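Encoded as structure tokens, the structure appears first; notes follow it.
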DNA sequence: CTGAATTTGTAGCCATGGCTACATTTATTG
DNA sequence: CAATAAATGTAGCCATGGCTACAAATTCAG
């Protein structure tokens, strides 16, 4: 149905790509928000330097992105102070971590090495619908038995 | 290991995000090259209008991206003519389709509806390592039995 | 074969997320 | 407490991938 011999409906196909582009917009936000939450939980605060180090990016880039997150109401930050999550940001972090963990668990259960599972999950988690997430959970249970 | 109570090594974590960013760069190329290959196989040629329609994007955007693909040696195009793949482009298309199909098959086998499977696969396929791909194939076989 | 429709190209705008370089503020230490 | 170190902020650059608007070429009708 996908490709090869027959071409699917153009509008449907366009909708899929549209969806992927949409997901990309929230990916960065999810990753940052989740990391900020982790840092707050473990270190007691989230600072620009550590975000930069853990994201593998310059502090200038972090600043820019934190600015956007603040505009979008996910984060609160005052100059030269550490970064906090809004309620909305915290919700997003929780949800992101939930997805992440489901995907990682599934991959490991499927026989993927822990290292690869972590790496692939980082890319996959943002593109998994609730429906698929449920199926992965269920499958993880079955495999483990 | 991922998050919650303990923070993993910063360099490792950075490497993962680095990897995801890297994948993003090739995503667009893979999607276009695969679609171009499909169009050539089915319609005999790939034209800008149809790429635009199927990607859900303006023709100006397609033009810009095709320009990049040509700079990168994946595609050949002359003004006002249809678009062709280079050998490298064709290889990328074949590989992309292979991944796509493995992911879709797996998702369907896992109980995801065909529509959702197609949608999610579009986002997932670019972030799945060879190791994971092998595990998904194997798992698909087991589930089907 | 000419005129209209379609397709393609191009220019110029925008936001994002990279970067370096430099400025400023905060923290540390002698 | 002053001087240095570290962290943060800001400016300005780049490429990407969106867009609209307009220009040019090609195709299709009549």
Helices (runs of 4 or more DSSP H) enclosed by the range B:44-126 - at least 1 residues per element that are more than 10 Å from DNA strand D (Cβ to nearest atom), away from every other protein chain (no Cβ under 14 Å) and loosely packed, with under 13 Cβ neighbours inside 10 Å: B:87-109
In the range A:72-93, the residues that are under 18 Å from residue A:51 (Cα atoms) and under 15 Å from the mean Cα position of the chain (by Cα): A:74, A:89, A:90, A:92, A:93
Options A:83, A:65; residue that is within 13 Å of DNA strand C (Cβ to nearest atom) and either at pLDDT 95 or above or at negative phi (or both): A:65
Every residue from the range A:26-43 that is crowded, with 17+ Cβ neighbours inside 10 Å, more than 21 Å from residue A:123 (Cβ to Cβ) and facing another protein chain (nearest Cβ under 8 Å): A:39
Only one of A:9, A:41 that is more than 30 Å from residue B:98 (Cβ to Cβ) and over 17 Å from the mean Cα position of the chain (by Cα): A:41
Residue satisfying condition, being more than 10 Å from DNA strand C (Cβ to nearest atom) and in contact with a helix residue (DSSP H, G or I) (Cβ under 7 Å, 6 or more places away or on another chain), within set A:91, A:34, A:27: A:34
Residues satisfying the stated conditions in the range B:46-62, i.e. near DNA strand C (Cβ under 10 Å from one of its atoms) and touching a residue at least 12 places away in the same chain (Cβ under 8 Å): B:46, B:47, B:48, B:51, B:62
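The values are calculated or read from the model by the stated rules, or taken from the named source; none is laboratory data. Note that the structure is a prediction, hence the values are computed from the model and not measured. Glycine gets a Cβ as well: all are built from the backbone with ideal geometry, and neighbour counts include every protein chain shown.
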